[in-house]
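Working notes, structure below.
Throughout, read-outs are computed from the coordinates displayed, never taken from laboratory work. Worth saying up front: this structure is predicted, and the values here are computed from it rather than measured. Using ideal geometry, Cβ is built from the backbone for each residue, glycine included, and neighbour counts are taken over all protein chains shown.
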Amino acid sequence: MANNWWEIQVLCDPALEDLVFLRVETFGCRGTASEMKGHSCLISAYLPQERAHLLDLAALSLLFRQDALCVNLPIPAVQWNLIEEEDWSSSWKQHWHPEEIGDRFVVNPAWLPIPETDRLVLQLDPGVAFGTGAHPTTQLCLEALEMRLGYEETHATIADIGCGSGILSIGAILLGAKQVYAVDTDPLAVKSTRRNRELNQIDESLLQAQLGSIEMINQLSEEPVDGIVCNILAEVIIDLIPQMDAISKPSTWGIISGVLLDQAKPVADTLEQYGWVVATLWRRKDWCCFTIRRN
């Protein structure tokens with residue numbers, strides 16, 4: 001029997017898009033897509049049926065309403081329905097197209113032909129993991145990686161904490177990183193990273209993907225890493241910052257995202273408390289990305 005998925009659709013003012021994305025990600029949705037419908041934005045999000053009941057969805061709808069009222073925007077229209085896995089896969093794929101990011105990357109859906117381009121082609125099938133290249137935080141991280149690795153020969157070792165689909169790990173390898181250790185606490189994300197590693201014909205020895213967090217990187221790497229990338233929710237990042245010292249050396253740098261602008265100060269304060277300096281803070285829509293270094 002096919003697995004069923006909730007398809008949650010939110011039709012909202014474009015200015016509300018980032019808040020809706022944050023809500024559905026926090027809710028646990030695996031795939032998201034957005035498109036313009038006239039002057040409104042239609043966001044589709046997908047969640048395994050067993051992860052939510054009708055009352056949970058009703059509560060989520062109420063949060064969308066409260067968010068809109070707080071920022072004086074029209075209340076979004078919300079609907080949900082159950083679809084089978086095959087239908088979910090088809091719905092997800094029809095929303096997604098090749099995406100140029102920064103000066104070097106084009107993220108290409110694995111089911112489409114590889115485009116003729118001078119850019120680095122990052123083949124991706126996200127499955128049920130976060131990270132397609134469409135979200136501002138993923139774009140900011142890839143652009144920051146490009147600035148860090150993309151313009152000179154590098155032998156960097158990278159830790160990708162919360163690897164999701166593996167998009168940042170693969171991007172680092174394409175830019176010349178010597179070794180990436182990718183970890184996630186979600187088994188489906190680890191499976192997705194391994195699958196995308198194969199799609200991009202990257203050797204398993206160069207990109208190791210394992211279930212776990214910082215303690216697993218310590219097991220995988222014989223020495224501290226050169227760089228850390230972490231694109232997850234701000235609350236999780238704040239909890240991880242005290243542990244990052246265990247995989248760092250004096251020259252280690254980091255790229256941190258998944259942070260809304262109004263969450264930037266507590267994240268920056270925690271980084272400073274544990275010996276990190278915020279070198280730059282990039283913004284896209286309501287999201288931001290930190291590039292950091294050791295103090």
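Annotation: amide H of Gln123 within the under-5 Å range of Asn108, sequence separation 5 or more or interchain, hydrogens built in the peptide plane. Annotation: the antiparallel percentage among DSSP beta bridges lying fully within the chain is about 65. Spin-label model, Asn218 to Asp239: label points 7 Å out along the Cα-to-beta-carbon direction sit 1.7 nm apart.
Using the Karplus relation 6.51 cos²θ - 1.76 cosθ + 1.60 with θ = phi - 60°, the per-residue 3J(HN,Hα) values for region 209-225 come to 10, 9, 6, x, 9, 4, 4, 6, 4, 4, 6, 6, 9, 7, 8, x, 8 Hz, with x marking Gly and Pro.
Our summary gives the chain a relative contact order of 13 percent, counting only alpha carbon pairs under 8 angstrom and 6 or more residues apart. In terms of its C-alpha gyration tensor, the chain comes out prolate, because a/c is 1.5 or above and the ratio a/b outweighs b/c.
Phi angles of region 280-295 translate, via the Karplus equation with coefficients 6.51, -1.76, 1.60 and θ = phi - 60°, into HN-Hα couplings of 9, 10, 9, 10, 9, 6, 9, 10, 9, 9, 9, 9, 10, 9, 6, 7 Hz per residue; Gly and Pro are given as x. With respect to the chain, whose longest principal axis is taken over its alpha-carbon atoms, helix 17-27 is tilted by about 80°. Straight Cα distances below 21 angstrom link Lys285 to the lysines Lys37, Lys265, with same-chain residues fewer than 8 positions distant left out.
Amide H contacts of Asn4 (H built 1.01 Å from N, in plane; Pro and chain starts excluded): Gln49 sit under 5 Å, all sequence-distant by 5 or more or on other chains.
With respect to the chain, whose longest principal axis is taken over its alpha-carbon atoms, helix 187-199 is tilted by about 70°. Modelled spin labels at Asp269 and Arg294, positioned 7 Å past Cα toward Cβ, are 2.6 nm from each other. For region 45-60, 3J(HN,Hα) computed residue by residue from phi via the Karplus equation (6.51, -1.76, 1.60; θ = phi - 60°) reads 9, 10, 9, x, 4, 5, 7, 7, 9, 4, 5, 5, 5, 5, 5, 4 Hz, glycine and proline entered as x.
Helix 264-273 axis versus longest C-alpha principal axis of the chain: approximately 30°, rounded to the nearest ten. Annotation: lysines with alpha-carbon distance below 22 angstrom to Lys178 (same-chain offsets under eight excluded): Lys191, Lys249.
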